[in-house]
Structure formats: structure tokens, C-alpha cells
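The structure under discussion appears below in the form of C-alpha cells.
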Amino acid sequence: MKEYRVVKIRPLCLWIRFAPLGVLVAVHCSGGHWPTNDECLQRALEYGFSTHNFSKKWQCLWTHIFVHFTNEHFFANSLALSYALLEFGDENVTEAIQEESLWISFKSAIGSSLVMLVAGPVGGIGGQMCYNKLQSGRVCEKAAGMIKDKITLIYHLFARTMRSIGFCSHASGAFGSGDEVVSRTISASLERVGTFCRGCFYSGTAGIQKIVNRSMVMCGASAAVCGLAGFNAVFFHNPLCMIFLVLPDALLLLQNAVSHAFASGWEKHVDMWKSLMPRQTVGHAAHLGGFIVGASIGWALRRILGRKSRASRTSETPRVRTVYLFTI
């Protein structure tokens, strides 16, 4: 005889659990209609995070989470947030749609919101700004070193050229003709001058990138969602959302670091310049920073509360067929 288990699904509990997603949708449609991409961009420039906006209104540390550049950007973050909210809890995703009480749903909504509001500004903005600062500083250091070294070399080569010109009339066959000595010295000097100019270019590139970093606008809930995924993975041992959201960003950052480490000469500096472009930097470091903050919160709470793993708290039950019953 087959056994059946009746699972009561309360739509009200689901709505409460998905309250953070509802807030995201409400803000996106705050104009009373579905916004166009131009309206999304205008809203992102006004409420997104940038150093200019932060100097006028510090609230952009949190308002940037709820605005998006385009509708596609909003849809992608909404789908990721939906799954992260389902993972927020001791149960698996299938069992998350059933709630025993409204209080459990309220705790889930409040807890997930707090994690997002902390991971978004601290991990997302902090991680991205630190990454940009590190990359810009590396370019400045390389440029300063190149310029200093090449100025010294050019000075010594110039002095040797002057000595060669004065010595050419007295040079013997062991050194070749005076014209050959001068020609070789001038060629080497021109090569050093070219390297010096490239160093100046890198220095200018670093200065331009600093301006780009200061004017760069960050918006979207992706870093906050990655923080929630990190919290779910560490505190609740639900790592699936983390695997699909955070792991690709970590691999891309690792690929960038490995490519730079194995590059040489001109390729290394060109790759360094490309890695600083806003469309390439915004996202990966912020996502990884949000994940680290969310995972750190989960680890700290787990140590404080002394929670046991889900497997040790649940007992084995015979497999039965499940019947879902929607109730109010």
C-alpha cells in the first residue's frame, strides 16, 4: 500500500518569504508603469553608487541595490534572488514552499533582507573599490619604475654619445669607425626613448583610470544576492546558488590574474590596461566581495549560535509520495 504525505502550501507564507523580491519589483515600477531602458539608466545614474553621488547623499550605499541599468539587468538579478530566497532556511528548496507558521516566513524575509543590506554596500562596493584601487596602483607603480629607470639610462647614453663624438677622430680600428659608434649609440638611445614614452603612456593611463573609477556608477542587487548565496552556503549548507552565481566570477578573476602573471613585456602592460576597463571590472570583484561578506556573516553566526548541520538534526524517513494542498 502506498503512503502519501500531505504538504500544506500557504501562498501568504510564500509572499512573505519573497518580500525582498517584491520590494525590488515595486522600486523598479515606482513610476506606476514598466520603465523603459532609458528610464532605468536615468534612475541608476541618480540613485546608483558613485563617489559623486556619495558626496551628496550617503543613502546611495543602499539605494544602488534597488535600481538597475536595464530591464534585462533587473530580470537576471530577480531570478537569482528568487532562488536565493528559497535556499534561505534549514530545509531544501522543495520543502521551502511549505511553511508551518507565518512567524517562520517573517524571520526568513527579515533575515535575508538584513544579509543583503550588509553584503551589498560592504562587500559589493568595498570589494569593487579595493579591486580598482589595487589595479590602478599596480599600473602607477610600473609606470613610475619604468620612467625612473629609462631616464637614468637615457642620461648615461647621452653622456656616452657626447664622449663618442669627441672621441671619433681618435678612435682606432678596434672600436670601428666613429660614424658606426655614433650610429649604434643613437639607435640605442632612440630605443630607450621609446620605452620612456611607453612608460609615460602607462602613467597617463593610470591617471585616466583613476578618473574613470571616480565617475563609475554601480547599481543592481547582484552583489547583495551573492552575499545571500554565501550566507546560505555557510550557515544553512545550501550551496547550489553559490555554485552558479559566485563560482564563475571567481574563475574569471583567477583567469585575469593568471593571464597577467604569465604575460611578458608589452603584452603584460596592454593586458593591465584592458583589465581596468569599467565594463570588465564592474561585477566580478563586487560579486566576490559580496559573497565573502555574506559567508563571513554566516560563519560568525554559526560560531555564536553553535548550530549543527541539517543532516544531524533530521532523521531518516521512509520515502513516500507527496501531495501538495494549497491553503490560506
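Every number here is computed from the coordinates shown, using simple stated rules; none is lab data. Keep in mind that this is a model prediction, so the values were computed, not measured. So basically every Cβ, Gly included, is an ideal-geometry build from the backbone, and we count neighbours across all protein chains shown.
Some values worked out for this structure:
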| quantity | calculated |
| --- | --- |
| Among 10-17, 229-236, 82-89, the order from most to least packed when residues are scored by Cβ within 10 Å on average | 229-236, 82-89, 10-17 |
| Net lengthening on full extension, SER113/GLN59 (0.36 nm per residue, minus Cα-Cα) | 17.8 nm |
| HN-Hα J in Hz across region 102-116 - Karplus 6.51, -1.76, 1.60, θ = phi - 60°, x for Gly and Pro | 5, 4, 5, 5, 4, 4, 5, 5, 5, x, 5, 5, 5, 4, 5 |
| Placed amide H near ILE9: partners under 5 Å, 5+ positions off or other chain | LEU325, PHE326, THR327 |
